[in-house]
């Protein structure tokens, strides 16, 4: 016989500000597991921060530009621009995926070098980060199917992945 039990959740002020339910669950699980995601570290690179580099992602899936072109009577240009925006979004997502996975590997190496190895922490970080990346891919696929995607969903997921105000864990 199946049994159900209520899961007590940890809620902070930051958690209650997150509008997207999936990202709220990831935030709560991360706090519960005490497994903040490794931060992406830029070695010897001057220029924009990690947040600034991926800031355009939430704008690329917003429907504002294509709606403007459609109102101007240019539906083919709107469709082409929508496709170009989506292609750029997936290129950004590919780069973000590489950087997140590299940060996880660096964090694992740092843990091993300090002889502070924790399989469960690494597993939790992998599940949380890959879930977030999968969610970002899913938002891009929704956009491709013509389903409206809220820019706030992408922004909140990026905040979670890139170490929002609550998450501060350096890989070095």
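Computed from the coordinates by the stated procedures, all read-outs in this text should not be read as laboratory data. Small disclaimer: the values here were computed from a predicted structure and weren't measured. Glycine also receives a Cβ, built like all others from the backbone with ideal geometry; neighbour counts cover every protein chain displayed.
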Percentage relative contact order, the range 50-161, counting C-alpha pairs under 8 Å, at least six apart: 38
Potential lengthening between residue 148 and residue 116 on full extension [0.36 nm per residue; Cα-Cα distance subtracted]: 7.1 nm
In nm, spacing of pseudo-spin labels at residue 109 and residue 134 (7 Å Cα→C-beta vector): 2.8
Neighbour-count order for 115, 156, 99, fewest beta carbons within 10 angstrom listed first: 115, 99, 156
Taking 134, 93 and counting other C-beta atoms within 10 Å, the order from fewest to most: 134, 93
Least to most buried among 57, 111 (fewest other Cβ within 10 Å first): 111, 57
Where labels lie 7 Å past Cα in the beta-carbon direction, separation of residue 98 and residue 141 in nm: 2.3
